[in-house]
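A.B. asks: Okay, here's the structure, questions in a sec.
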Amino acid sequence: MVKLSPSVLTADFLTLKEILPQFEASGVDMLHLDVMDGIFVPNISLGVPVIKSIKAHTNIPLDVHLMIDRPHRYIKEFATVADWLGFHYEAGSDVAATLKEIRELGCKSCLTIKPATPAEAIFEYLPLCDMVLVMSVEPGFGGQKFMPDSLPKVEALRREAARQGLSLEIEIDGGINAETAPMAVAAGVSVLVAGNYIFSAEDVPATVKAIKSL
Ligand code: DX5
Ligand code: ZN
């Protein structure tokens, strides 16, 4: 069964306390938290203190997506609140060293690629990853249109992980909805991030169940 990681980026943060129990009851697997610094991406979102508050109100594993410049500077801090901790291949840190540090600090490691980065660029790092995240929009904002060019990259990563004998989670992020989720799953995605689609749904538990039964 595919896993679901709702992104709270476009949610009203003050409503999260009521929404988190609904997520727990409907079998949400992770909670996707987008950290933006206004430099690596042209937007600013949240940091460790907000994640800490969310963590105090839920047992759902936290899936932290760092969209920050030179993320190695902040790994120690985010590792205190994250369960899954991911950063961008393009963000200017030593990729192997940063992935190793994440694992040493007790988190699951995730390496993320932007739409213009080919899947092959990260093949050598797969043994150090628990998950890879393929962006299906330019990172920075919720509510954008899904880029279908992300699908062959998912397929290539799925093939390469099998060739290397790795059991790897492959996550996709951006523009996931009832129409694009099945395509992503068919390509080999095992974790779907969905922001607007979940938070604009009238019946959140039903939407979560529908997406997870794909
Ligand atoms: C974009 C973020 C996404 C975003 C997804 O940079 O990484 O997680 O919140 O939102 P939707 O599902 O609305 O595209
Ligand atoms: Zn994200």
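The values are calculated or read from the model by the stated rules, or taken from the named source; none is laboratory data. In this text, all values refer to a predicted model and were calculated from it rather than measured experimentally. A quick note on method: Cβ atoms are made from the backbone with ideal geometry, for glycine too, and the neighbour counts reach across all protein chains shown. Just so you know, the surface numbers come from the protein's heavy atoms only, side chains and all, with ligands and any DNA or RNA stripped out. Shrake-Rupley method; radii C 1.70, N 1.55, O 1.52, S 1.80 Å.
A.B. asks: Would you kindly state how much longer the chain becomes between Asn59 and Gln144 on full extension, computed as 0.36 nm times their sequence separation minus their alpha carbon distance, in nm to one decimal? The partial results should precede the final answer.
C.D. replies: Details: separation 85, 0.36 × 85 = 30.60 nm, distance 2.90 nm.
So the chain would gain 27.7 nm between Asn59 and Gln144.
A.B. asks: OK, next. Report the net charge of residues surrounding Leu9, where surrounding means a beta-carbon distance below 13 angstrom and charges are Lys +1, Arg +1, Asp -1, Glu -1.
C.D. replies: -4
A.B. asks: Taking the Cβ of Val154 as the centre, find all other residues whose Cβ is under 12 Å away and add up their charges (Lys, Arg: +1; Asp, Glu: -1). Could you put the intermediate results ahead of the total?
C.D. replies: On the way: positive: Lys153, Arg158, Arg159; negative: Asp149, Glu155, Glu160, Glu169, Glu171, Asp173.
That works out to -3.
A.B. asks: Could you give the nm distance between label points at Glu155 and Glu24, where each point is 7 Å from its Cα heading toward the beta carbon?
C.D. replies: 4.1 nm
A.B. asks: For Ser45, what is the net charge nearby, where nearby means another residue's Cβ is under 13 Å from its Cβ and Lys, Arg count +1, Asp, Glu -1?
C.D. replies: Residues near Ser45 contribute -2 overall.
A.B. asks: For the peptides 50-63, 125-138, 14-27, what is the packing order when you average, over each peptide's residues, the other Cβ atoms within 10 Å and list the highest mean first? All intermediate terms of the calculation are to be shown ahead of the outcome.
C.D. replies: Numbers: 50-63: 16.4, 125-138: 21.1, 14-27: 13.8.
Taking the mean over residues of other Cβ atoms within 10 Å, the ranking is 125-138, 50-63, 14-27.
A.B. asks: Please give the contour-minus-distance gain from Ser167 to Asp83: 0.36 nm per residue of separation, less the Cα-Cα distance, rounded to one decimal in nm. Please list the in-between numbers first.
C.D. replies: On the way: separation 84, 0.36 × 84 = 30.24 nm, distance 1.78 nm.
Full-extension gain reported as 28.5 nm.
A.B. asks: Find the relative contact order for the chain and round it to a whole percent, using C-alpha pairs within less than 8 Å whose residues are 6+ positions apart.
C.D. replies: Value for the chain: 22 percent.
A.B. asks: Which trypsin sites (Lys or Arg not before Pro) from the range 106-214 combine a DSSP loop assignment with at most 12 other Cβ atoms within 10 Å?
C.D. replies: The qualifying sites are Lys145.
A.B. asks: Here's another thing I want to ask about it. By accessible area of protein heavy atoms, probe 1.4 Å, what ranking do Asp94, Asp29, Asp149 get, highest first?
C.D. replies: If we order Asp94, Asp29, Asp149 from most to least accessible, we get Asp149, Asp94, Asp29.
A.B. asks: Set the Förster distance to 22 Å, then compute FRET efficiency between Ala97 and Ala121 from the Cβ-Cβ distance, nearest 0.05.
C.D. replies: The value I calculate is 0.85.
A.B. asks: Then there is this: For the range 3-212, with only Lys/Arg (+1) and Asp/Glu (-1) charged at the beta-carbon, what is the dipole magnitude about the Cα centre, in debye rounded to 20?
C.D. replies: On the way: 18 positive and 27 negative charges, 57 e Å.
Here the range 3-212 has a charge dipole of around 280 debye.
A.B. asks: Lysines within cross-link reach of Lys108: Cα-Cα under 27 Å, excluding same-chain residues under 8 positions apart?
C.D. replies: Once the sequence-local lysines are set aside, what remains near Lys108 is Lys3, Lys17, Lys52, Lys55, Lys76, Lys100, Lys153, Lys209, Lys212.
A.B. asks: In the chain, if the dipole is taken from +1 on Lys/Arg beta carbons and -1 on Asp/Glu beta carbons about the Cα centre, which of Phe141, Phe78, Tyr89 is farthest to the positive end?
C.D. replies: Working it through, the farthest residue towards the positive pole turns out to be Phe78.
A.B. asks: While we're looking at this one, here's another question. Residues of the chain: accessible area per residue at 1.4 Å, in Å²?
C.D. replies: Per-residue accessible area for the chain comes out at 44 Å².
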